[in-house]
Amino acid sequence: MTQHQNNTLTVYRASAGSGKTFTLTIEYIKLLIDENVNYKSILAVTFTNKATEEMKLRILGQLYGIWKNQLASKPYLDKIAAETKLPIKIIMNRCGQALHNLLHNYNYFKVETIDAFFQTILRNLARELELSAILNVGLNDIQIEHQATDELIDQLEKGNKIIYWILDYIQENMDDGKSWNVIGKIKSFGESIFKEYYKQHSEKLRATIGDDKFFYQYTKEIKKIQQEAKDKMAAQAQIFFDIVEKHGFNINDFSKGDRGACGYFLKLKSGEFWEDEKIYNKSAQNASENPDAWVTKKFCKDGEPIYELAKTQLSPLLHTTESIRVVEARNYKSATLTLRHMYQLRLLNSIENKVHEINQLSNRFLLSDTQTLLSQMIQGNDAPFIYEKIGSQLEHIMIDEFQDTSTVQWQNFKTLLLECMSHGYSPNLIVGDVKQSIYRWRSGDWRLLNNITQQFEDTETVACHSLSTNYRSNRNIIEFNNRFFTQVVEAEYDKLTELKSKEAEELKRAYSDVVQEIPAEKEPKGLIKIELLNSNDLYQEAMLQSVADTIHTLLVNGAQIHDIAILVRDNKGIQTISEYFTATWPDIPIVSDEAFRLDSSIAVNILINAMKVIARPDDLIARAFLSKAYNTYIKNVTSNVVIEKSEHINDILPKQFSEHIEELQHMPIRDMVEKIYSIFHIETIQSQNTYICAFYDILERYMQDNIPDIGSFLEEWDDNLHQNTIQTTETDGIRLITIHKSKGLEFDHVIIPFCDWKLDRTDRQIWCSPKEYPYNLLPIVPVDYSSKWMVGSIYEEDYYHEYLQNVVDNINLLYVAFTRAKRNLFVYGKQDDKESGRSKVIQDFIEGYSFEEGELDIESTEKSHKQDEANVFTPNYLKMDLQIQNRPTINLTFRQSNSSNDFINNMDKEISLTERTNYILHGNILHKIFSSINTSKDIPQILSKLEMEGIFDDNDSSFTYDRISNLINKRFEHPIIKEWFSGNWQLFNECNILRYNQLSNIVEVRRPDRVMVNDRQVIVIDFKFGIYHPEYEQQVREYITILTDMGYTYVKGYLWFVYSNQIKEVK
């Protein structure tokens, strides 16, 4: 019996260092040892593979520790005993049994990422969604969108309306004084198709914006509003100047001339009427209320013509005009914002269609489309339907890092969660922390957690608890963070209150638990040091030196190198720091995935530049780099001589390379790279083998998924592949990591350099849903994010909402960074930073340029070497020196095997030798095709993929796309075969069957081509592409026997001879 038994959903708001993973593990184990709970019915989801691995290891390790009564597991055992009231012995025994169940049924140990969970559902819904079951999941949305845009433009033909759309867009840009080259802008804007908000409205948008008549009428209406606003304000300005002229005055007769009250109407006349603070300044405000502001003191009295004019006509006119201006400025801003991206907007649908076309041809499904597609499928279906597709009945759901859940993800999950909650005593768990929500760029929405009770009709079923005690950090650090973030939140709350009280209250609620409690036993230890550096030309150099000095101080005082972490805002900072330490402190090991990019390897750069020279022999830049690198790193010759002529470059390069480029051009890419490696003796460069192996892996993957063309590979390398990094399990070094990737980690000593990032980016668009006519004829509109334009327009509410999101994003980045520190915290930023900079908030708090509190706390070496009992499930990594050996090429001759020779000799004598050879050459490919087809609908996609891979040969009339397509379609006309590929079966194509042979005492593997199951029978099929042999039947009989032994009662077996389209049942 647990403490939250009456609530079917418990929500923990878990602040940093408050024991979130401990709590999750406790709750999971409590379910595992409950006799009424089936371990197969528990689902726990996290948001990263790393968090999933950590959670699984923690659960397994603590089950083992409790079972074996290990000292390290005592806190878990005590907590479980206190909450369940079960005897210790029973808990220990049940933990042992639960561990046994999980290890022997590991596929039911459902702790996985949210993406993996929904991918499972998607694949099981492939039939309902009309998708192929052998989809490749694509991750690089942006790359595919850019490719789609390029292809869309390349394939445009004269008369295509898209050409006119692009020309209209170019003309609009030129009218505004902008560049005519709009391709980059179209690509950038096209990335919107992957945004969750766009996807939710894309269907409605497509129905409107795709209608040329609607687009014309809509833009005409909005432009009319825009022009009318300009005309009205120009008319008001003209009234003013007519009055002044009629009475014989000019601008200089009035106080301050064009800088005074008259400046208001001058701006109206020039069309500058929409910027409130600029036009309705103090001079204008005074002049609308007080006629004295119009004239100098000399004429400031009754009876003076100019003063009487100001009192009777000009002040009232300004007052009236201002009330008109407020309305028209709102109209003008709203219309301008709406029209600004209208020409790009109508291109989105075409880009989106092109992306779908490319994906379909590549048999690829984008991971980013998963949630939207499932949302459309799940709507209207109940949970049992989804459980059927999962393959199990869920009773308990746990969601970790809930603050990073997107709206669509939550709606998809909510269906399952509500079903679990309806089962009465069925504890479910949500854990998260609004203050650590830093993944909004991945559509994470912290407001879901902030308003979690509003998500449920029956709020009594939801219990919210706060884990507010920080067990991680030293007392000094906790107290500093409490003061710092309280002040920061209060300052932002006051600012938002002035602007928009509704958003201010949302912010206040989000940080209601920002002050953490401190365990009584924690002593006042730890150092907090903040330095804001002079923002001159030497800022970066001074910053890097400060980091180096801090590390030196820590090491001198006994800190262990693996206890130090450097946290930065982005990967650019990682590169900068990594390069600095490599050059100045090479003996200090830096551990960072992002730092070890492939393009930072000299060996990889030699390979790439050699490939560039082979592909483009006139590429002098690549040749020059190659010669310089070869001289410096392989021949160890240091030279500052500038190479002026290409022939001098060739003199430096190895003759095996420079004189055999044409020969290298005709090599397959893999062989070419190996030859380059050998020619340049790259193995002599130290510490490069890991990079080389990683490069080979990437090259291999590229050739599997793409056309193996050197030009295409080099283009993809420059665009994307060069960013790949070496993954390492190395931990004995200073961790260099981004703030985003540090979430969930902790370090004794944390250094945060370059704490000066920009708070708010205005060079971007946000999607808004207009609420007023005629703007709302479109469901969504892309709007430039700008306070100057959005405040005072129909999009004002959207601005304040986005402003709040930015505030939370930036507070949270600091919160996550500052709370990683256990013992000491060092922060370095910029002096007198702008309002838009992060250092400004820090300077306001410390009221100066430097701050130091507490004393350096470093754990003694003796204590740091003491370790708790290790988790027996933690993998041990063996460090090995990786050696690459390049072996000479061996010329091989083909010798036909006896079986192949018998096959040829036993074929129909009437078949020619050429036809026999084609049978052999094509049989394997056809076998692969038929093994890949689930239903007849898969045929076009699979053949298109093979065509893109270059499998078909237009020079071989027997093996063209059309020939094979006709062959397959004719075979599928047979009624039996048509049924086999109808989609009415559960399929197991090319799946291994394991059988234990008691006689030989070994596990045997059998792999039938196709096994089909329904509720009545099982059918096993073997595809054959030659003539009949008796042993074929024996093989199928063995399959039938194995399937019968597996428990299937009605099993049939068939041989299908594809070329002759004959079917033979095996009895």
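Return the residue satisfying two criteria in turn: it lies in the stretch 132-151 and is crowded, with 17+ Cβ neighbours inside 10 Å and modelled with pLDDT under 65, and of such residues it is nearest to Leu367 (Cα to Cα). Looking at residues that are crowded, with 17+ Cβ neighbours inside 10 Å and modelled with pLDDT under 65, I get Leu135.
Taken as a whole, the structure leaves Lys495 outside the set of residues that are of a type in the set (D, E, K, R), in contact with a helix residue (DSSP H, G or I) (Cβ under 8 Å, 6 or more places away or on another chain) and farther than 19 Å from Trp446 by Cα. Among the residues of the stretch 234-248, is there at least one that is in contact (Cβ under 8 Å) with a residue 60 or more places away in the chain, surrounded by fewer than 17 Cβ atoms within 10 Å (Cβ to Cβ) and out of contact with any Pro (no Cβ under 8 Å at 6 or more places or on another chain)? Within the stretch 234-248 (the criterion being in contact (Cβ under 8 Å) with a residue 60 or more places away in the chain, surrounded by fewer than 17 Cβ atoms within 10 Å (Cβ to Cβ) and out of contact with any Pro (no Cβ under 8 Å at 6 or more places or on another chain)), the answer is yes, since at least one residue qualifies.
Conditions tested, residue by residue: (1) surrounded by fewer than 19 Cβ atoms within 10 Å (Cβ to Cβ); (2) in the same structural domain as Ile26 (by TED's automatic domain parsing); (3) modelled with pLDDT under 95; (4) within 21 Å of Tyr471 (Cβ to Cβ).
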| site | (1), (2), (3), (4) |
| --- | --- |
| Met55 | no, yes, yes, yes |
| Leu63 | no, yes, no, no |
| Ile66 | no, yes, no, yes |
| Leu71 | yes, yes, yes, yes |
| Lys85 | yes, yes, yes, no |
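Is it the case that Asn571 is buried (at least 16 other Cβ atoms within 10 Å of the Cβ), over 30 Å from Gly848 (Cβ atoms) and assigned by TED's automatic domain parsing to the domain that holds Arg823? Here the answer is yes, as Asn571 does meet what is asked. Checking Ile698, Ile752 one by one, the residue that is crowded, with 21+ Cβ neighbours inside 10 Å and not assigned by TED's automatic domain parsing to the domain that holds Lys213 is Ile752 and no other.
For (1) in a loop (DSSP other than H, G, I, E, B); (2) modelled with pLDDT of 90 or more, each residue gets a yes or a no:
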site: Ile751; (1), (2): no, yes
site: Asp763; (1), (2): yes, no
site: Lys771; (1), (2): yes, yes
site: Pro779; (1), (2): yes, yes
site: Pro782; (1), (2): no, yes
site: Lys788; (1), (2): no, yes
site: Gly792; (1), (2): yes, yes
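When Pro316 is tested against (1) at pLDDT 90 or above; (2) within 55 Å of the chain's Cα centre (by Cα); (3) loosely packed, with under 14 Cβ neighbours inside 10 Å, just one condition goes unmet, and that condition is (2).
Of the helices (runs of 4 or more DSSP H) lying entirely inside the stretch 304-367, those containing at least 3 residues that are among the hydrophobic types (A, V, I, L, M, F, W, C) span 315-339, 342-361.
Condition check ((1) at pLDDT below 85; (2) out of contact with any His (no Cβ under 7 Å at 6 or more places or on another chain); (3) among the aromatic types (Phe, Trp, Tyr); (4) closer than 17 Å to Ile606 by Cβ) across all residues:
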| residue | (1), (2), (3), (4) |
| --- | --- |
| Val642 | yes, yes, no, no |
| Pro654 | no, yes, no, yes |
| Glu663 | no, yes, no, no |
| His666 | no, yes, no, no |
| Glu674 | no, yes, no, yes |
| His681 | no, yes, no, yes |
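So for the stretch 532-547 (the condition being in the same structural domain as Leu814 (by TED's automatic domain parsing), crowded, with 21+ Cβ neighbours inside 10 Å and in a strand (DSSP E or B)), does at least one residue qualify? Yes: the stretch 532-547 contains one or more residues that are in the same structural domain as Leu814 (by TED's automatic domain parsing), crowded, with 21+ Cβ neighbours inside 10 Å and in a strand (DSSP E or B). Residues of the stretch 806-815 include none that is over 29 Å from the mean Cα position of the chain (by Cα), assigned by TED's automatic domain parsing to the domain that holds Asn557 and part of a helix (DSSP H, G or I). Which of the residues that make up the stretch 183-233 are touching a residue at least 40 places away in the same chain (Cβ under 8 Å) and assigned to a loop (DSSP other than H, G, I, E, B)? Selection gives Lys195, Gly210. The residue pairs whose first member lies in the stretch 14-37 and is closer than 15 Å to Arg94 by Cα, whose second member is of a type in the set (A, V, I, L, M, F, W, C) and part of a strand (DSSP E or B), and whose beta carbons are closer than 6 Å, counting only pairs six or more residues apart or on different chains, are Glu27/Leu429; Leu31/Ile42.
Results for (1) in a strand (DSSP E or B); (2) in contact with a Pro (Cβ under 9 Å, 6 or more places away or on another chain); (3) more than 17 Å from Ile939 (Cα to Cα), shown as yes or no for each residue.
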position: Glu973; (1), (2), (3): no, no, no
position: Lys978; (1), (2), (3): no, no, no
position: Asp1015; (1), (2), (3): no, no, yes
position: Gln1035; (1), (2), (3): no, yes, yes
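Scanning the stretch 706-719 for residues that are farther than 20 Å from His666 by Cβ and surrounded by 14 or more Cβ atoms within 10 Å (Cβ to Cβ) yields a total of 3. Counting the residues of the stretch 690-721 that are in contact with a Ser or Thr (Cβ under 7 Å, 6 or more places away or on another chain) and assigned to a helix (DSSP H, G or I) gives 1. Only one of the numbered conditions (1) surrounded by fewer than 16 Cβ atoms within 10 Å (Cβ to Cβ); (2) closer than 25 Å to His749 by Cβ; (3) out of contact with any strand residue (DSSP E or B) (no Cβ under 9 Å at 6 or more places or on another chain) is violated by Thr459, and that is (2).
In the stretch 988-1007, the residues that are touching a residue at least 12 places away in the same chain (Cβ under 8 Å) and surrounded by 13 or more Cβ atoms within 10 Å (Cβ to Cβ) form no Cβ pair under 7 Å with any partner that is of a type in the set (Gly, Ala, Ser) and part of a strand (DSSP E or B), whether six or more places apart or across chains. Among residues belonging to the stretch 11-28 that are within 25 Å of the chain's Cα centre (by Cα) and under 16 Å from Leu57 (Cβ atoms), point out the one that is surrounded by the most Cβ atoms within 10 Å (Cβ to Cβ). In this case the residue turns out to be Lys20. Per the listing Thr461, Thr486, the residue uniquely in the same structural domain as Ser18 (by TED's automatic domain parsing) and either touching a helix residue (DSSP H, G or I) at 6+ places or on another chain (Cβ under 9 Å) or of a type in the set (Ser, Thr, Tyr) (or both) is Thr461.
Against the numbered list (1) of a type in the set (A, V, I, L, M); (2) surrounded by 15 or more Cβ atoms within 10 Å (Cβ to Cβ); (3) in contact (Cβ under 8 Å) with a residue 40 or more places away in the chain, Ile1063 comes up short only at (2). Scanning the stretch 257-313 for residues that are loosely packed, with under 15 Cβ neighbours inside 10 Å and of a type in the set (Gly, Ala, Ser), which turns out farthest from the chain's Cα centre (by Cα)? Checked the stretch 257-313; the qualifying residue farthest from the chain's Cα centre (by Cα) is Gly303. Within the stretch 668-687, residues that are under 15 Å from Ile710 (Cα atoms) sit with their Cβ atoms under 6 Å from residues that are surrounded by fewer than 17 Cβ atoms within 10 Å (Cβ to Cβ), at 6+ positions apart or across chains, in these pairs: Ile669/Pro708.
I'd like to check something: does the stretch 616-631 contain any residue that is assigned to a loop (DSSP other than H, G, I, E, B), modelled with pLDDT of 85 or more and of a type in the set (Lys, Arg)? Within the stretch 616-631, one or more residues are assigned to a loop (DSSP other than H, G, I, E, B), modelled with pLDDT of 85 or more and of a type in the set (Lys, Arg).
Can Ala491 be described as of a type outside the set (Val, Ile, Thr) and surrounded by fewer than 21 Cβ atoms within 10 Å (Cβ to Cβ)? Taking the combined requirement at face value, the residue satisfies it.
The lone criterion from (1) buried (at least 17 other Cβ atoms within 10 Å of the Cβ); (2) over 20 Å from Gln436 (Cβ atoms); (3) within 31 Å of the chain's Cα centre (by Cα); (4) outside the structural domain of Thr738 (by TED's automatic domain parsing) left unmet by Lys502 is number (1).
The values are calculated or read from the model by the stated rules, or taken from the named source; none is laboratory data. Here the structure is a predicted model, which is why all the values come from computation and not from measurement. FYI the Cβ positions are ideal-geometry reconstructions off the backbone, even for glycines, and counts take in every protein chain you see.
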